[in-house]
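Engineer: Below: one structure in structure tokens.
The values are calculated or read from the model by the stated rules, or taken from the named source; none is laboratory data. Model, not experiment: these values are computed from the prediction. Ideal geometry is used to build each Cβ from the backbone, glycine not excepted, and the neighbour counts take in all protein chains shown.
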Amino acid sequence: MIIGLIDVDSKIPNLALMKISAWHKTQGDEVEFYMPLWKYDKVYASKVFDFTNTPDLPEGCVSGGTGFDLTTILPDEIESIYPDYELYRCDYAIGFITRGCIRKCKFCVVPEKEGMIRRVSNPLSFWNGQARIMLLDNNLTAHPDCMEILKELKETKAQINFAQGLDLRLMTPEIANELRDVRIWKQIHTAWDNIKEEKIIIKGLEIMFEAGIRPRNIMSYVLIGYKTTKEEDMYRIEKLRGLGVKPFVMPYDKKDKYQRRFARWVNHKATFYTVSWEDYR
Ligand code: SF4
């Protein structure tokens, strides 16, 4: 069979498509990215975001991903396969060791899509000696095996990117000490979404600092536009800046002019560190 794949909006190599590709190749099928004038026996489309446009899809196309719905999942035999990184010429490994989360943040699709946190794999299922690993786990620090998983990651000697962020509210000296010894790819990602959680968030950061993790090696996502005022957005940004931690703004409503502009100001570091918000506006 000839298989066509449509990647609607991924910003990084699409894990589901790489697994679908790997599985079809084990069946002896040819796999390529979909081209409209070509004939395919089967077409798959994946869409990650719900705010991007959906293109016209060919008839019979199998679609999945958070951008389409929260319920479609890959069959176990595809989910558990080693991804076809060649599809994107991707030179790093990508995967989940845990899925789900213990929390139920109202602005997040994870509780509904993934359910309660559980372990789904180990690094060896999606890593084969690559120098870098991108982890897509939603809340690794919340899993009871967190320490064991960090040890496994350390043993790979690969650089690790905790792409979705670690939960500062669950930071302990033990976790921070283990994290310090993991080779980090760029920065350790964390998050501060709710202004009311200032005390516990700062405490989590202090635990990391005490373990020897430098503030400049930590980045914190900052959700704006969801039950926060502009003053509270600025307060969190400046608080993090004062601690030496890099803020990264995530707008809740990407169509909102203020949210888009504020995110652009903070996230463009050359601008953020040289131009005030007043001047930027
Ligand atoms: S802690 Fe993170 S992953 Fe879990 S529900 Fe909240 S935002 Fe989503």
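Engineer: Being part of a loop (DSSP other than H, G, I, E, B), more than 27 Å from Tyr252 (Cα to Cα) and either within 16 Å of the ligand (Cβ to nearest atom) or modelled with pLDDT of 95 or more (or both) is the filter here, so list the residues in region 99-139 that pass it.
Structural biologist: Val120, Phe126, Trp127, Asn128, Gly129, Gln130, Ala131
Engineer: On to the next question. So how many residues does region 191-209 have that are within 14 Å of the ligand (Cβ to nearest atom), closer than 17 Å to Gly242 by Cα and touching a residue at least 40 places away in the same chain (Cβ under 8 Å)?
Structural biologist: 1
Engineer: Quickly run through region 1-29 and pick out the residues that are out of contact with any Cys (no Cβ under 9 Å at 6 or more places or on another chain) and of a type in the set (Gly, Ala, Ser).
Structural biologist: Residues satisfying the conditions are Ser10, Ala16, Ser21, Ala22, Gly28.
Engineer: Restricting to region 82-97, what's the tally of residues that are more than 12 Å from Lys19 (Cα to Cα) and in contact with a helix residue (DSSP H, G or I) (Cβ under 6 Å, 6 or more places away or on another chain)?
Structural biologist: 1
Engineer: Moving to a separate point now. Does Leu240 satisfy being more than 14 Å from the ligand (Cβ to nearest atom), among the aliphatic types (A, V, I, L, M) and in contact with a Phe, Trp or Tyr (Cβ under 9 Å, 6 or more places away or on another chain)?
Structural biologist: So Leu240 fits the description; yes.
Engineer: Something else about it: Quick check on my filter: what residues within region 50-65 are assigned to a loop (DSSP other than H, G, I, E, B) and at negative phi?
Structural biologist: Asp50, Phe51, Thr52, Asn53, Thr54, Pro55, Asp56, Leu57, Pro58, Glu59, Cys61, listed by residue number.
Engineer: Check region 170-187 and report whether any residue there is within 14 Å of the ligand (Cβ to nearest atom), within 24 Å of Gly95 (Cα to Cα) and over 15 Å from the mean Cα position of the chain (by Cα).
Structural biologist: For region 170-187, residues within 14 Å of the ligand (Cβ to nearest atom), within 24 Å of Gly95 (Cα to Cα) and over 15 Å from the mean Cα position of the chain (by Cα): present.
Engineer: Here are Arg99, Arg89, Arg119: which of them is closer than 22 Å to Asp50 by Cβ and free of Cβ contacts under 8 Å to residues at least 40 places away in the same chain?
Structural biologist: On inspection, the qualifying residue turns out to be Arg99.
Residue-by-condition table, conditions (1) outside any loop (DSSP other than H, G, I, E, B); (2) among the β-branched types (Val, Ile, Thr); (3) under 27 Å from Ile133 (Cβ atoms):
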{"residue": "Asp9", "(1), (2), (3)": "no, no, yes"}
{"residue": "Met35", "(1), (2), (3)": "no, no, no"}
{"residue": "Tyr40", "(1), (2), (3)": "no, no, no"}
{"residue": "Val48", "(1), (2), (3)": "no, yes, yes"}
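Engineer: Which ones in region 66-89 are crowded, with 19+ Cβ neighbours inside 10 Å and either on the phi > 0 side of the Ramachandran plot or part of a loop (DSSP other than H, G, I, E, B) (or both)?
Structural biologist: Gly67, Ile81, Pro83, Asp84
Engineer: Do you know which of the residues in region 101-151 that are among the basic types (Lys, Arg) and more than 25 Å from Glu77 (Cβ to Cβ) is surrounded by the most Cβ atoms within 10 Å (Cβ to Cβ)?
Structural biologist: Arg132
Engineer: I want to confirm something. Restricting to region 66-98 and keeping residues that are closer than 22 Å to Val8 by Cβ and within 16 Å of the ligand (Cβ to nearest atom), which single residue is farthest from the chain's Cα centre (by Cα)?
Structural biologist: Leu70
Engineer: Please verify whether Pro144 is in contact with a helix residue (DSSP H, G or I) (Cβ under 6 Å, 6 or more places away or on another chain) and at pLDDT 95 or above, treating the condition exactly as stated.
Structural biologist: no
Engineer: For region 1-40, enumerate the residues that are polar (S, T, N, Q) and free of Cβ contacts under 8 Å to residues at least 60 places away in the same chain.
Structural biologist: Scanning region 1-40 gives Ser10, Thr26, Gln27.
Engineer: Are there any pairs, at least 6 apart or on different chains, whose C-beta atoms fall under 9 Å, with the first in region 102-116 and touching a residue at least 12 places away in the same chain (Cβ under 8 Å) and under 17 Å from Trp192 (Cα atoms) and the second aromatic (Phe, Trp, Tyr) and near the ligand (Cβ under 8 Å from one of its atoms), and if so, which?
Structural biologist: Listed by first residue and then by second, the contacts come to nothing, as the list is empty.
Engineer: Which one is farthest from Ile213 (Cα to Cα) among residues in region 157-169 that are buried (at least 19 other Cβ atoms within 10 Å of the Cβ) and away from the ligand (no atom under 16 Å from the Cβ)?
Structural biologist: Ala158
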